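Just below is one structure, and these are the notes that go with it.
Every number in this text was worked out from the coordinates using simple rules, so none of it is lab data. What you see is a predicted model; the values in this text were computed from it and never measured. When we count neighbours, we look across all protein chains shown, and the Cβ atoms used for this are built from the backbone with ideal geometry, even at glycine.
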Amino acid sequence: MCCLREVDDPRKPSNGTLHDFVEILVIAMAAVLSDCDTVEDIAYWAYKKEDWLRQFLPLKNGVPSEKTFLRIFRALDPKQFEVAFRRWVAEVVGTLNGGIAVDGKTVRGSGSGGETAIHMVSAFATCAVLRRCLSAGANPARQLSLRPVATGAVVEVTKRLKPLV
């Protein structure tokens with residue numbers, strides 16, 4: 001997770017930040033790996049798993065609130081996060097046998113009322129139990145693109161998933 005230290009903290013230190021930025025990202029990624037889909041789910045998961053999280057995170061001021069996660073996600077530079085996330089995924093994928101299946105969708109009704117629709121891309125390690133949501137956001141141009149992340153784990157998204165050799 002040291003790759004996440006390369007992502008700039010978008011908060012101003014003078015605003016009395018209580019939670020470590022990297023800890024927030026680690027918690028969010030662990031929650032999404034645990035099938036959390038919303039900011040509310042992430043905050044609730046963090047609250048319920050606080051004892052477990054303290055095994056590897058200091059959590060000096062406890063777990064972040066839903067509002068803290070929301071503020072971070074709104075201000076986070078998606079390109080910086082993408083680069084760090086890709087590096088982390090490449091490290092993880094390098095230890096897996098098999099491939100990664102990719103699935104994309106647009107959340108139904110999310111583009112109503114003049115708002116931009118939410119587009120999501122998920123990746124699944126085909127030989128592991130883990131599932132990882134790669135990206136969720138309102139702007140498809142700001143999404144993580146589906147370029148290769150590691151040799152042997154490259155997939156092409158068409159009408160159906162097909163491994164590339």
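The table below gives the values:
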item	result
FRET efficiency for residue 101 and residue 67, using Cβ-Cβ distance with R0 set to 45 Å, rounded to 0.05	0.85
Global form of region 1-104, assessed from the alpha-carbon gyration tensor, a/c cut-off 1.5	prolate
By average C-beta atoms within 10 angstrom, highest first, the peptides 29-35, 55-61	29-35, 55-61
Theoretical FRET efficiency, 1/(1+(r/R0)^6), r = Cβ-Cβ of residue 112 and residue 40, R0 22 Å, to 0.05	0.65
Rounded Å value of the spacing that divides the Cα centres of region 1-57 and region 69-90	12
